[in-house]
Amino acid sequence: MYVAVKGGERAIAAAHAWLAEERRGDPAVPELSPDQIREQLRLAVNRVMAEGSLYDPDLAALALKQARGDAVEAVFLIRAFRTTLPRLAASRPLDTAAMACDRRISATFKDAPGGQVLGPTFDYTHRLIDFALAAGLPVPPAPVAPPQAGPMPHITGFLDREGLIRPEPPSDAEPPDLTRAPLALPADRALRLQALARADEGFLLALAYSTQRGYGSTHAFVGELRIGRVPVAVEIPELGLAVEIGEVELTECETVNQFAGSKSEPPQFTRGYGLALGMNERRTIAMALVDRALCARELGEDVGRGPAQDEEFVLSHCDNIQASGFLEHIKLPHYVDFQSESEGLRARRAAALAGREAAE
Amino acid sequence: MTGYTFAYLDEQTKRMIRRALLKAVAIPGYQVPFSSREMPMPYGWGTGGVQVTAACLTPEDRLKVIDQGADDTTNAVSIRSFFRKVAGVATTEATAEATIIQTRHRIPETPLAEGQILVFQVPIPEPLRFLEPRETETRKMHALADYGLMHVRLYEDIARHGAITRAYAYPVQVEGRYVMDPSPIPKFDNPKLHRSPALMLFGAGREQRIYALPPYTEVRSLDFEDYPFEPTKAGHACALCGDDASYLDEVIVDDAGGRMFVCSDTDHCRSRRAAGRRGTMAAPFEDAAA
């Protein structure tokens, strides 16, 4: 028993060697390349980029390969790498209105300038396992339409113009960054959105769903969901101008939610906001619902109606790297504490049993 | 290792941590928020301690890492090899020879000396957390030194069980001011905190908090006049070295539930055996270990 504990260093090395073998799987089956993962498991790559807070599809694909497909483990690899990267510059705010959309839908208007664009969606597919896919047959090309020429303005802009939706005052203040400063509560909306943008998708989904079932309901409509590429520009001080350095794929969701009004504000619509790196539809809609639920305090709504409204609860528990690390640390040896507990329990049991015997 | 700075963290991050450490030393027992970084090991596995150690290490340091008192438990092995790789510092298992000791759940049996730094890994830095889950509330309670809730909790223990049941992470009060969680060390170790000549630093990575006990700080375990604090341990002597005053691990040795008790501090046990001390089960088990 004691001997087993002694072998720590050798045991760890052997475990890691075995892990490497397991990761490779049967050597008779061709090895996956990160390129294949990036191209064919793109939604897994996108989740890793979103929760890893790093836009790098190649690196996310490699992380997924190293993590044997475990999304949270891959996110962890990306996060640990990300902290070692120098920050060279901050981009100018992205203009999502200028997005080259692959997909853009609104559930609040039948049609709007720019139109409804379905794009590559699972929606309306029948979820039938496609056994033909196992054979790896070539995919027939999809029909191609001419690219949209006109602008694709944000749907909520139309509600804005009418004064129907609560305006979001623009601000040039530098947004806070929870990766550079400890989380302080209460948090403003920018900080909350940052936390939600990298939060665990499952946690966001469950919280958003809970608001739909009445735990802090916000009566959300998907005002707009858009997915596409947006240019990233960086101000170069030496040149005195902004230079486009590339583009990123984003998913953005704006929900339109009811608001009964308060003493200072008339009844109006409000908006929830979701944004994620890559095509990440489910997490973005969920994020918008949770964002809106967390606005309850600022809007003067009753905040006791559900966990999704509880900023401290949500922000303290939404990060899957923190959560999984702490959850799994209970695998580590705890025998010092456990011994201390059992010694105390033995003493209390002896006292209780002696007391019972004395009473009999 | 190439591509990384000394001790892994970049210099700006180490400076940020050192500033938090200075503040923590200036206000003993007070939890200083710091911008904890994501480390290449999981949260909850010592990232706070690792960041504090990284910020304190110099190339001349000699580092000891223990988990459950032992140098050879898996996570201690892992953290020690991390620092060997990223800082190239000398490591040791001898408590007296170490300049920095990172620990999880124990304080070494060998008394610490001036100039040594003991770095604790802390899972939940807030001693009031299980009485009040909200950080916004507990910070207020600390600011007002409002510790009534804690005293009521300890009193309820006595009323229900006849004794304070907290066996580890037993709360202490520092210099009569801040109530502090000493990390999940067994309460047996609490007296070692009091007026220790070594600098004690506590790092909680996931919870983004650092706190400290400067050398010779008064640290009192919470209790009542008529129910004084009692450090406890298993009522046995170490089966390997015969020590009846050190903290013991319980090891199950056969299918019938037979057990032996051995020192949790492996360095302490080994040096006693090297000095010729023997416990009741010393010979066969040492043969097996060789």
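Look at the stretch B:211-233: where a residue is small (Gly, Ala, Ser) and a partner is outside any loop (DSSP other than H, G, I, E, B), sitting 6+ places away or on another chain with Cβ atoms under 6 Å, you get B:ALA212/B:ALA24; B:ALA212/B:VAL25; B:ALA212/B:LEU201; B:SER221/B:VAL172; B:SER221/B:ASN190. Being surrounded by fewer than 22 Cβ atoms within 10 Å (Cβ to Cβ), over 23 Å from the mean Cα position of the chain (by Cα) and outside any loop (DSSP other than H, G, I, E, B) holds for only one residue in A:GLY261, A:GLY344, and it is A:GLY344.
Looking only at the stretch A:164-192, residues that are surrounded by fewer than 13 Cβ atoms within 10 Å (Cβ to Cβ) and either within 11 Å of another protein chain (Cβ to nearest Cβ) or touching a residue at least 40 places away in the same chain (Cβ under 8 Å) (or both) come to 3 in all. Tell me which residues, restricted to the stretch B:256-270, are assigned to a strand (DSSP E or B) and in contact with a helix residue (DSSP H, G or I) (Cβ under 6 Å, 6 or more places away or on another chain). Once the filter is applied, which keeps residues that are assigned to a strand (DSSP E or B) and in contact with a helix residue (DSSP H, G or I) (Cβ under 6 Å, 6 or more places away or on another chain), the stretch B:256-270 yields only B:CYS263.
Checking the stated criteria, A:LEU332 turns out not to satisfy the condition of being more than 14 Å from chain B (Cβ to nearest Cβ) and either of a type in the set (Asp, Glu) or crowded, with 16+ Cβ neighbours inside 10 Å (or both).
Within the bounds of the stretch A:247-256, is there any residue that is assigned to a loop (DSSP other than H, G, I, E, B) and touching a residue at least 60 places away in the same chain (Cβ under 8 Å)?
So the first thing to find is which residues in the stretch A:247-256 are assigned to a loop (DSSP other than H, G, I, E, B), and the list is none.
Among the residues of the stretch A:247-256, not one is assigned to a loop (DSSP other than H, G, I, E, B) and touching a residue at least 60 places away in the same chain (Cβ under 8 Å), which makes the answer no.
For the stretch B:86-101, a residue qualifies if it is within 20 Å of B:GLY203 (Cβ to Cβ), within 14 Å of another protein chain (Cβ to nearest Cβ) and of a type outside the set (A, V, I, L, M), and exactly one does: B:THR91.
Given the structure, is B:ARG19 within 13 Å of another protein chain (Cβ to nearest Cβ), modelled with pLDDT of 95 or more and surrounded by fewer than 20 Cβ atoms within 10 Å (Cβ to Cβ)?
When the stated conditions are applied, B:ARG19 passes them.
If the condition is being buried (at least 17 other Cβ atoms within 10 Å of the Cβ) and more than 14 Å from every other protein chain (Cβ to nearest Cβ), then the stretch A:72-95 contributes only A:LEU94. Here is the figure for the stretch B:182-228: residues that are part of a loop (DSSP other than H, G, I, E, B) and out of contact with any strand residue (DSSP E or B) (no Cβ under 8 Å at 6 or more places or on another chain) total 9.
Restricting attention to helices (runs of 4 or more DSSP H) lying wholly within the stretch A:1-105, give those where 3 or more residues are under 22 Å from A:GLY246 (Cβ atoms). Because the criterion is at least 3 residues that are under 22 Å from A:GLY246 (Cβ atoms), the helices (runs of 4 or more DSSP H) in the stretch A:1-105 that meet it are A:34-40, A:42-52, A:57-66, A:71-82. Number of residues in the stretch B:189-210 that are more than 12 Å from the chain's Cα centre (by Cα) and either within 14 Å of chain A (Cβ to nearest Cβ) or under 27 Å from B:GLY44 (Cβ atoms) (or both) equals 9.
Among the residues of the stretch B:23-76, just one is at pLDDT 95 or above, part of a loop (DSSP other than H, G, I, E, B), of a type in the set (A, V, I, L, M) and in contact with a helix residue (DSSP H, G or I) (Cβ under 9 Å, 6 or more places away or on another chain), namely B:LEU57. When A:ALA112 is tested against (1) closer than 22 Å to A:GLU201 by Cα; (2) in contact with a Ser or Thr (Cβ under 8 Å, 6 or more places away or on another chain); (3) not β-branched (Val, Ile, Thr), only condition (1) is not met. Within the stretch A:106-155, the set of residues being outside any loop (DSSP other than H, G, I, E, B) and closer than 21 Å to A:THR284 by Cα comprises just one member, A:VAL117.
Can you tell me which residue among A:ALA350, A:ALA323, A:ALA359 is within 9 Å of chain B (Cβ to nearest Cβ) and of a type in the set (A, V, I, L, M)?
Result of the check over A:ALA350, A:ALA323, A:ALA359: A:ALA323.
The values are calculated or read from the model by the stated rules, or taken from the named source; none is laboratory data. Everything quoted here is computed from the prediction, not taken from an experiment. A quick note on method: Cβ atoms are made from the backbone with ideal geometry, for glycine too, and the neighbour counts reach across all protein chains shown.
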